[in-house]
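Before any comments, here is the structure.
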2 protein chains.
Amino acid sequence: MRSTASGAGEAARPAGACGIPSPPGRASRTTPSCGPLLGPAIERTDGDDMGSDTGIWILGGYQTDFARNFGREGKGVHDLVQEAVEGTLADAGTRAADMEVIHVGNAFGQLFTGQGHLGAMPATVVPELWGVPASRHEAACASGSIATLSAMADLEAGRYGCALVVGAEIEKTVPGDTAAAHLGAAAWVGHEGEDATFVWPWMFSALADEYDRRYGLDDAHLRAIAELNHRNAKANPLAQARGWTFDEKSFSDDDEHNPVVDGRTRRTDCSQVTDGGAGVVLATDGWVREHPEVLRRGTAVRILGWGHRTVGLPLAAKTQREDGPYVLSHVADTIRDAFDRAGVAEATDLDGIETHDCFSMSEYMAIDHFGITPPGDSWKAIEAGDLERDGRIPVNPSGGLIGGGHPVGATGVRMLVDASRQVTGRAGETQVEDASRFATLNIGGSTATTCAFVVGRA
Amino acid sequence: MRSTASGAGEAARPAGACGIPSPPGRASRTTPSCGPLLGPAIERTDGDDMGSDTGIWILGGYQTDFARNFGREGKGVHDLVQEAVEGTLADAGTRAADMEVIHVGNAFGQLFTGQGHLGAMPATVVPELWGVPASRHEAACASGSIATLSAMADLEAGRYGCALVVGAEIEKTVPGDTAAAHLGAAAWVGHEGEDATFVWPWMFSALADEYDRRYGLDDAHLRAIAELNHRNAKANPLAQARGWTFDEKSFSDDDEHNPVVDGRTRRTDCSQVTDGGAGVVLATDGWVREHPEVLRRGTAVRILGWGHRTVGLPLAAKTQREDGPYVLSHVADTIRDAFDRAGVAEATDLDGIETHDCFSMSEYMAIDHFGITPPGDSWKAIEAGDLERDGRIPVNPSGGLIGGGHPVGATGVRMLVDASRQVTGRAGETQVEDASRFATLNIGGSTATTCAFVVGRA
């Protein structure tokens, strides 16, 4: 049984209020609410009238250019972390000396660069951070979200008032097949995917097969997701693929122009090996009250809600559970937790979503798991144009992972940066008009670790 | 400037009250106190009269036999995690269904076993943990302490009431020189230790050189630390080296019987490659109040205080700072933070310490940094027999890392298990008579990540 956070009683919505039904028998894990973050507190911007010391703000954020190749520039992970830290502090209008705790998300540093212990890297390259308690968190492709959740817990606990979160990954150090092998460390090694040429394209192809079995799946819809993400990326000056060129067959089932990688996953269905970093500065209501100048910059947003569920590593054990209408019920639970904490009834109450599209299939899954369509009907939202930047519920206006890039440990943080830029009207050509509330969904492995956030205008 | 946790004002001792002087100019990072954990609350055992919902208990813990070789048994990291989880739950008198969040400490899994994403391993091998939010934390040899701190933050924040912490490491999968190279990922790769045959023996030899430069150092005192840890390990039925045999020259400077590994570090000065796991169940005052049966088992202790500081990766940058009497001033700060939060005035107010002795030199450093002697005088405590199990302040009665074993990601958790067993009178032949308060010190890399805890009798 879950305990209930103090103050949750009056603020929490009943489970299922977000429009995602609670399947029978899965309601025992109740969701403590982000109580103090709900309702009137969201509107308070003067820093003088906030009722809580534990509501969490994102004061600003930064993303490196995901098209860069750090090795080719003669740079290493320390340069990446330094740029991410300095850029993040500057955007948030904070100084290194303001940082009271540091959380770093990184998934595969020891494999790609030989460098572990990255919690200590910020203090290595930014002397003013010497002595600040720091940690590194790894949850495969969800590492950045786990780092964020851990920083939030430190703040909510009253340990610290202001936290730096950095996600960083260098991957372009090895040939593609070696990179694919490294990424396999996030599956259950030796227990699944052993027949695969490439573990993850194979894994998400298997997820597509499961959808096909349950609901039918036309692969043209996967190609359409890839095409939209690449099209969106063109407008994003930090996107990895913004300058790539495609022809009319790039998003088809033409074996020459869009070759099969594994199973039904083709080249443009895949996010690509990426170097990159991202960061956010988080602060409590109490800290913001003492530093009201941070709100006058127009960069601050609130974290309205979050969800986090972890299940076993193997994909088969997930899809074979018969406990509800969703192919991956724990993913729906994660999203519902975030919605409930944020007081969001359903996906269309959001102005947009940055979701995990390591492959087009993971975004296809996210569409119905977010409740944009009923289970199995994701294709309808694609055909209706709902996901377009000016659609009913824009998904990945940044270009997502397929168009924007996927430096693994940075991705969850990058999503929060893009979501924050959207709700502060700073998203440039990727801007969703009048956005005030955005969600993220970040998954590690075959959704073994699943995290979601909702951020809102301050 | 650090913020101050609510309630800290009335409970915190002034900086320096722990007997470790505050060097000038380093007092700006104030220490939020564990307020609710101090004073009368420590004595409350009936579960009905606890004033706080955020004080943290260790309900029980478990350690695998560190002499085992999992590979030779045909077992893998999943078997190790399963045993650690099940053993921990049983010792704490809790069920898997009680666990609301899971934190896993693991340092080098991707290198030694190819397996990352270990936050999801408990749910992989213990079906009842399916869906419970989980994370993996890496801070080199301090990974287990970082996992514990992260679990505590989740509880203190009111997110959850009961947490499972597991530390696990499989290392006996590769030859010794490959293992040494893997462990090098915790230094600043490519920037230090490049002339070393073995990075860490070289690194702690360099620390010995720094002590020698400042205060003089007779290596016989390092050998004496190694000898004591091995002697203590004989009484510990879970210690890696409990059955090893030594002769009178094993702890000497005889090149044949105790060969040089690197610099002034000899074979018996080193902890050895180890497979092992450890776990604890943590709970809040509120959870314990709702489950009073857990206190009747005699296994529960309180976490009275903690400290956590992170500095840059390279050793040279640490020892070259001229900001106080300590060779590694941030280590003294970490211990002082833990002491202040726990209301401990000085080391001799403790009944014992489990400290990090990856090498005898790291324990030599810990002796004066804990304030057992003034800076540079660690040898005096060794000569006086202060550290013996029946001495003035027993250090590593378990055998520590040198005698007990050092499965890297498990070590910080194992220390808490041993400390908890000591203060509940369950330490068997390693028992320190009438122990009621124990501290731990766990370091990652060359102390880049440093964590300390104080636990006390419930």
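The values are calculated or read from the model by the stated rules, or taken from the named source; none is laboratory data. Since we're looking at a predicted model, the values are computed, not measured. Cβ coordinates were reconstructed from backbone atoms using ideal geometry, including for glycine residues, and neighbour counts include every protein chain displayed. All accessible areas refer to the heavy atoms of the entire protein, side chains included, with ligands and DNA or RNA removed. Shrake-Rupley method; radii C 1.70, N 1.55, O 1.52, S 1.80 Å.
Between beta-carbons, use under 10 Å as the cut-off and find the net charge around residue A:315, counting Lys and Arg +1, Asp and Glu -1. Write out the running numbers ahead of the final one.
Numbers: positive: A:318; negative: A:192, A:210.
Result for the neighbourhood of residue A:315: -1.
The alpha carbons of the range A:329-419 give a radius of gyration and a Dmax of 12.5, 33 Å, in that order.
Mind grabbing the interface size between B and A? I mean buried accessible area, both sides, 1.4 Å probe, in Å² to the nearest hundred.
Roughly 5700 Å² of accessible surface disappears when B and A pair.
Among A:299-306, A:350-357, how do they line up from the highest to the lowest mean number of other beta-carbon atoms within 10 Å? Don't jump to the answer; show the numbers that get you there.
Working: A:299-306: 25.0, A:350-357: 27.0.
Most protected by this proxy first, the peptides run A:350-357, A:299-306.
The residues packed around residue A:376, meaning those with a beta-carbon under 9 Å from its beta-carbon, carry a net charge of -1 if Lys and Arg are +1 and Asp and Glu are -1.
Give the percent of DSSP beta bridges with both residues in chain B that are antiparallel, rounded to the nearest 5. Working shown, then result.
On the way: 37 of 52 bridges.
About 70 percent, rounded to the nearest 5.
Across the protein chains, with a 1.4 Å probe defining accessible surface, the residues B:388, A:293 rank A:293, B:388 from largest area downward.
Counting Cβ atoms of other protein chains within 10 Å of each Cβ in B:105-112 and taking the mean gives 3.
Remark: label point of residue B:72 defined 7 Å out from Cα along the Cα-Cβ vector; separations to the same position in other copies 5.0 nm, ascending. Based on protein heavy atoms only, the range B:321-364 ends up with 18 Å² per residue of surface accessible to a 1.4 Å probe. Inter-copy label distances for residue A:323: 4.9 nm (label point placed 7 Å from Cα along Cα→Cβ; shortest first).
The solvent-accessible area of residue B:191, taken with every protein chain present and a 1.4 Å probe, is close to 100 Å².
Protein heavy-atom accessible surface, 1.4 Å probe, per residue over the range A:208-279: 43 Å².
With label points defined 7 Å past Cα in the direction of Cβ, position residue B:428 shows copy-to-copy spacings of 6.2 nm, given to one decimal and shortest first.
What is the protein assembly as shown by shape, rounded, prolate or oblate, if you read a ≥ b ≥ c off the alpha carbon gyration tensor as root eigenvalues and call it rounded for a/c under 1.5, prolate for a/b larger than b/c, and oblate otherwise? Prolate, because a/c is 1.5 or more and a/b exceeds b/c. Listed by chain and number, the lysines whose C-alpha is less than 24 Å from the C-alpha of residue A:234, apart from same-chain residues fewer than 8 away, are A:172, A:249. Where in the range B:314-330 does the label zone of residue B:209 land, with the point 7 angstrom along Cα→C-beta and an amide N cut-off under 12 Å? The answer is B:316.
Hey, any idea what % of chain B's accessible area is carbon plus sulfur with a 1.4 Å probe?
Numbers: 6660 of 13870 Å².
Roughly 48 percent, rounded to a whole number.
Of all DSSP beta bridges confined to the protein assembly as shown, the antiparallel ones make up roughly 70%.
Excluding residue B:433 itself, what net charge comes from residues whose Cβ is under 10 Å from its Cβ, given Lys and Arg +1 and Asp and Glu -1? Don't skip to the answer; put the middle values down first.
Working: positive: B:389; negative: B:351, B:390, B:434.
Once positives and negatives cancel, what remains is -2.
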